[in-house]
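Here is the structure we will look at, set down as structure tokens.
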Amino acid sequence: MGSIYRTIDPRALRSRVSGASALPGSARRDIALALLAVWLIGLSYGAIAVASGFPLWFPAAQSFLVLAGASEFLFIGIVATGGNPIAAALAGLLVNARHLPYGLALPDVLGSGWRRILGAHVMNDESVVFALAQDDPPAKRAAFWACGLGVLICWPGGAIPGALIGTAVRDTSALGLDAMFPAVILALIVPALRDRPTRRTALAGAAIALAATPWLPPGLPVLLALSALLSLISKRPSWWPTRKRPAR
Amino acid sequence: MADSQAARPVKDTTLLIAGMGTLSVGTLAFRLCGPLLRERLTFPPWAEKLLETAAVILLAALVATTALTQGHAFVGPSRPAGVLVGGILAWRKAPFLVVVLAAAATTAVLRLLGVP
């Protein structure tokens with residue numbers, strides 16, 4: 001991960017680098033591999049965008065400014081089939097609404113001032129899931145920043161050559177790259193899923209999202225999955241606050 | 001490159017930039033909302049646990065929808081089969097690299113065999 005830090009302004013990130021020592025080697029390896037997957041998906045994103053008729057600069061600029069793959073693929077898909085770009089942006093925003101609860105779920109990893117804005121910008125599925133997977137706050141912070149900044153480099157870093165290569169890597173589905181994103185996220189939530197109530201709730205949420213997918217616009221089914229929390233609360237998990245009987 | 005000239009979906013570059021601007025500014029607003037709210041509120045431990053579970057639910061739903069569906073319909077068996085192989089390996093504590101590569105390889109091999 002050191003190389004990623006060095007490519008960013010080293011002075012500004014010194015505190016983050018010291019935090020990186022809090023990260024176990026296995027976590028660093030996993031982050032590097034997730035970033036490789038992001039880079040490969042970025043390649044296919046750039047290629048698909050240009051193949052759909054977008055100018056070269058578009059996937060380059062959008063990958064850097066939006067930095068949320070699913071919504072960018074959706075935007076490209078809607079506009080390429082004749083949709084209005086503003087409508088495509090609103091559909092993309094629906095997909096990205098999950099970043100609000102992500103920000104609530106994260107422990108304080110961002111810092112303040114410009115770091116908070118940069119940190120918010122690099123808050124994505126991968127950086128959130130790696131932060132959640134760590135045990136103590138310094139490791140969470142280190143994992144979040146390493147993965148978040150890595151995505152900031154690797155996503156546009158894949159999209160730009162992908163756009164340049166254009167149609168050459170059009171058939172990414174033959175390589176099974178589309179299975180990588182769900183596999184990366186699944187591998188990362190498996191430790192949390194070993195807890196039985198969490199697993200049941202997550203499976204219920206996934207089932208709700210799947211059942212809603214044929215009828216709702218993209219993005220909404222994933223948000224609807226949160227309704228599974230109600231079933232969890234109704235079962236009164238051990239950590240749920242119990243009303244204490246007033247002591248006499 | 002040649003066919004990118006032939007099939008340009010948007011002639012109006014201004015509208016394209018407006019769309020990209022809306023998506024990027026709106027997304028950053030979503031991303032900033034959470035941390036800003038957290039600064040103003042302190043959550044008891046049960047609420048922290050609830051929010052963390054919420055994030056896991058969102059991610060699980062994201063896995064399910066991206067693994068099984070494309071648009072509004074079932075994607076075909078090869079992608080979910082790859083993700084399932086990855087999931088089983090992850091559950092058995094296989095290294096992350098093995099999980100991700102096995103998922104992609106399973107899907108690729110199934111497609112090579114003609115499975116959609």
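The numbers here are math on the coordinates, done by the rules we state, and not lab data. If you're wondering where the values come from, they're calculated on a predicted model, not measured in any experiment. Please note: Cβ atoms are built from the backbone with ideal geometry, for glycine as well, and neighbour counts cover all protein chains shown.
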Point-charge dipole on Cβ atoms (K/R +1, D/E -1) for the range A:58-194, about Cα centre, debye to 20: 200 debye
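Enter the per residue convex hull volume of the protein assembly as shown, computed from alpha-carbon coordinates, in Å³ rounded to the nearest integer.
146 Å³
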statement: Out of A:Leu40, A:Leu232, A:Leu90 - ranked by how far each Cα lies towards the positive end of the dipole of chain A, with unit charges on the beta-carbon of charged residues - the top one is A:Leu232
message: Connecting C-alpha atoms closer than 10 Å in a GNM of chain A, tell me which of A:Ile160, A:Ile31, A:Ile189 has the biggest fluctuation.
response: A:Ile189
For the range A:2-193, diffusion coefficient by Stokes-Einstein and Kirkwood Rh (Cα), 20 °C, 1.002 mPa s, µm²/s: 125 µm²/s
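Once you have the Cα-Cα distance between A:Arg194 and A:Thr81, take 0.36 nm times their residue separation minus that, and quote the gain in nm to one decimal.
36.5 nm
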query: What dipole magnitude, in Debye to the nearest 20, does chain A give about its Cα centre under +1 on Lys/Arg Cβ and -1 on Asp/Glu Cβ?
result: 1360 debye
statement: Among the range B:72-103, those whose backbone N falls under 20 Å of a label point 7 Å along Cα→Cβ from A:Ser26 are B:86-103
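Test of understanding: express the Cα radius of gyration of the range B:60-100 as a ratio to 2.2 N^0.38 Å, with N the residue count.
In units of the 2.2 N^0.38 Å rule of thumb, it is 1.22.
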Per-selection Kirkwood Rh - the range A:128-219 (Cα, Å, 1 d.p.): 16.2 Å
- prompt: Along the positive direction of the dipole of the protein assembly as shown (beta-carbon charges: Lys, Arg +1; Asp, Glu -1; about the Cα centre), which of A:Ala139, A:Thr242, A:Tyr102 reaches farthest?
  reply: A:Thr242
For chain B, built as a Gaussian network whose Cα springs stay under 10 Å, the top-fluctuating residue of B:Leu62, B:Leu15, B:Leu37: B:Leu15
statement: Listed by chain and number, the residues whose amide H is under 5 Å from that of B:Thr69, excluding neighbours fewer than 5 places away on the same chain and using placed H, are B:Val75
field: R0 of 35 Å, Cβ-Cβ distance A:Ile117-B:Glu48: FRET efficiency to nearest 0.05
entry: 0.90
query: On the first, second and third principal axes, largest extent first, how far apart are the outermost C-alpha atoms of the range A:195-238 in Å?
result: 36, 15, 12
